[in-house]
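Report on the following structure.
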Amino acid sequence: MTTDSLRSGPGANVRTSGDRARLPVREHLPAFGPAAASGVPVLDVVVPVYNEEKDLRPCVLRLHDHLSRTFPYAFRITVADNASTDSTPAVAAALAAELRGVRYVRLEEKGRGRALRTVWSESDAPVLAYMDVDLSTDLNALLPLVAPLISGHSDLAIGSRLARSARVVRGSKREFISRAYNLILRSSLAAGFSDAQCGFKAVRSEVAERLLPMVEDSGWFFDTELLVLAERAGLRIHEVPVDWIDDPDSTVHIVRTAAEDLKGVWRVGRALAVGALPLDRLARPFGDDPRDRALTGVERGLARQLVGFCVVGVLSTLFYLALYSLFRLGVGPQLANGGALLVSAVANTAANRRLTFGVRGRDGAVRHQAQGLVVFAIGLALTSGSLAALGAATGSPSHSTELAVLITANLAATVLRFLLLRAWVFPARACPEPEPEPEPEPDSDSEDVR
């Protein structure tokens, strides 16, 4: 089966428009139902391969045997061939003919991400997974991986080699690279998951339907981009500690892969910073958890806003110091200070608008900037007034006393600035009160009876 024939199937038209404002509520997949009766598998496990004529057959035989013995739902194994040039296609075709529930898909271009996107987009299974052909991950983790997706608890699931209870056997070089890469993701993209590149992941099909069109990468960065976008959209990612043994014969080119991953981190980080990704298409309806329905009129996101405000404040201070040094080359200290404070205040308001309070688009931007300048002026008046009052009270205060007063005044001004930004400039939006259900109209027959 070729890429073109695969894309012309019944699910070829992936819905990427805003025809549905939100994802549907997660539901537990039934063990027996119309889908099961028609032979549609609950789980589709993709094994992407490129020139794996030696490892492919033992991998599929072992995986098929494990699923047949332990997995309580119908399953399918899809071998996705990334333009192999050895006898991999013949081996895969033979397996598909020999084993029930195994199929073979041929792609004419390389790229693990391309293979997963193509097969997942066309699969009719409600839960989609993939694993590396070397089966480095212990298969006993497969059912714990997909169970939260089947039950409706989570949207995506990943195996983690870096979780505290994971058991991993691999060289120090790969261990260092893996941990360094995940540290980069945490520091640059604020990733909360622990292991982006473990070849052991699963996703619910309705999530993949909307998420895959947003993922640009077709290679090894595909996993990371998928997870970052899902996490930023507020989807639930379940992590499973795995037992993992490194494959010494792995053909992955570490340096080239690392370079491509860093380019991907920069691209995704830039897109998130400018709000170029329609992550609202991935929103789950509030009330997915029945306990949420009791929470009405509650302001949300205070902790995240505090962190964002602090980060923006540090960056704004550095920006102010750089501007002051630049302006000081041509003008006096007062003009340099005033110009640097003004420009940094505008930048600070813009950054807090987008990053801290999540306001997007141009609507109200001018008004927000004007209000931000008013808030800035209030803070400036507070610090300047504190120094003036100190001078009037003591005449010639010591340098240490001035510093103490400035630090106290700046702390007060910072707290006041956050409160004004949150309550006045960017009012926190409360959870909407549930609309009352309309009262049923009286039945005409019942009126006659009365």
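The table below lists the values:
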quantity: Wholly enclosed strands (runs of 3 or more DSSP E) of the stretch 72-137 bearing at least 2 residues open to solvent by 10 Å² or more (accessible area, probe 1.4 Å) and under 21 Å from Lys54 (Cα atoms); calculated: 102-107
quantity: Members of the stretch 174-206 found to be assigned to a helix (DSSP H, G or I) and free of Cβ contacts under 8 Å to residues at least 12 places away in the same chain, listed by number; calculated: Glu175, Phe176, Ala180, Leu183, Arg186, Ser187
quantity: Qualifying residues in the stretch 356-370 (those that are under 15 Å from Gln305 (Cβ atoms) and among the hydrophobic types (A, V, I, L, M, F, W, C)) - the one most open to solvent (accessible area, probe 1.4 Å); calculated: Val359
quantity: Phe309 vs. criteria at pLDDT 80 or above, of a type in the set (Phe, Trp, Tyr) and open to solvent by less than 40 Å² (accessible area, probe 1.4 Å); calculated: yes
quantity: Scope the stretch 46-68; condition over 22 Å from Val146 (Cβ atoms) and without any contact (Cβ under 8 Å) to a residue 12 or more places away in the chain; matching residues; calculated: Lys54, Pro58
quantity: Filtered residues of the stretch 397-406 (kept if touching a helix residue (DSSP H, G or I) at 6+ places or on another chain (Cβ under 8 Å) and surrounded by fewer than 13 Cβ atoms within 10 Å (Cβ to Cβ)); calculated: Thr401
quantity: Hits in the stretch 127-141 - residues which are at pLDDT below 95 and closer than 14 Å to Tyr73 by Cβ; calculated: none
quantity: Residue in the stretch 42-50 that is at pLDDT below 95, open to solvent by 30 Å² or more (accessible area, probe 1.4 Å), closer than 29 Å to Asn140 by Cα and not basic (Lys, Arg) present; calculated: yes
quantity: Residue satisfying all of: in the stretch 371-396; open to solvent by less than 40 Å² (accessible area, probe 1.4 Å) and at pLDDT 75 or above; farthest from the chain's Cα centre (by Cα) among these; calculated: Gly391
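The values are calculated or read from the model by the stated rules, or taken from the named source; none is laboratory data. The model shown is predicted, which means the values in this text are computed figures rather than measured ones. Don't worry about glycine lacking a Cβ; one is built from the backbone with ideal geometry, like all the others, and counts go over all protein chains shown. These accessible areas exclude ligands, DNA and RNA; they are computed on the full protein's heavy atoms, side chains included. Shrake-Rupley method; radii C 1.70, N 1.55, O 1.52, S 1.80 Å.
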